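The values are calculated or read from the model by the stated rules, or taken from the named source; none is laboratory data. Source: prediction; values computed, not measured. Here the Cβ positions follow ideal geometry from the backbone for every residue, glycine too, while neighbour counts run over all protein chains shown. Areas reflect the complete protein model, heavy atoms only, side chains present, ligands, DNA and RNA absent. Shrake-Rupley method; radii C 1.70, N 1.55, O 1.52, S 1.80 Å.
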Amino acid sequence: MERKFRILFFLLLFGFSLTNLSRCSKQSDIILSQYQESLAIAKDSNRKLIVVFGADWCPDCRALDLIFQEPEPKVLLTQNFLLFKVDVGRFDKNLSLNDKLGNPIQNGIPALVVIDPTGKILTSTKGGEFSNASKMTKEQVLEYLYRL
């Protein structure tokens with residue numbers, strides 16, 4: 001009887017593991033599909049795509065988002081770029097896209113990857129350039145955006 005219980009337990013555990021793997025795979029498929037759609041829109045509108053990796057718990061991510069909403073950055077972004085925000089959770093979500101784009105979150109979030117309309121990566125903030133966005137001014141962010 002004990003052996004049957006052990007076998008049943010391991011089968012259940014194995015089943016739950018497969019369910020979680022399937023869910024993770026579907027999650028990565030969704031984010032990669034959304035990324036491809038955003039690339040297509042950027043190409044059609046001849047704008048650069050900015051992939052912004054962040055999380056709602058991150059004060060620097062919220063600070064950068066507020067700067068992006070100010071009038072001058074907002075106009076610049078709307079005219080020249082398409083923003084694609086990616087929630088990384090607690091560095092446990094949407095990591096397939098992070099890996100695909102060269103691990104820009106390695107030194108903190110928010111992290112930006114800028115891609116031209118043809119799909120070529122122009123720049124990435126792998127060095128954590130925006131990981132202290134709560135201490136950055138609008139002018140510093142604009143300076144970065146104007147260089148793109």
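Of all aspartates and glutamates in the structure, those lying under 15 Å Cα to Cα from Lys93, and not within fewer than 8 positions of it along the same chain, are Asp29, Asp56. Is the C-alpha gyration tensor of segment 35-148 telling us rounded, prolate or oblate? Criteria: a/c under 1.5 is rounded; beyond that, a/b larger than b/c is prolate, otherwise oblate. Oblate is the answer for segment 35-148, as a/c is 1.5 or above yet b/c matches or exceeds a/b.
The local environment of Asp87, defined by Cβ-Cβ distances under 13 Å, has a net charge of +1 under the rule Lys, Arg +1 and Asp, Glu -1. Close amide H contacts of Leu83 (hydrogens built in the peptide plane, cut-off under 5 Å, sequence separation of 5 or more or a different chain): Ile50.
Please tell me which of these pairs span more than 25 angstrom C-alpha to C-alpha: Lys85/Lys120; Lys43/Lys138; Lys43/Lys100; Lys48/Lys74; Lys100/Lys138? From the list (Lys85/Lys120; Lys43/Lys138; Lys43/Lys100; Lys48/Lys74; Lys100/Lys138), the Cα-Cα distance tops 25 Å for Lys43/Lys138; Lys100/Lys138.
The DSSP beta bridges internal to segment 31-142 are antiparallel in roughly 55% of cases.
Overall, the accessible surface of segment 54-107 at a probe of 1.4 angstrom is composed of carbon and sulfur to the extent of 52 percent.
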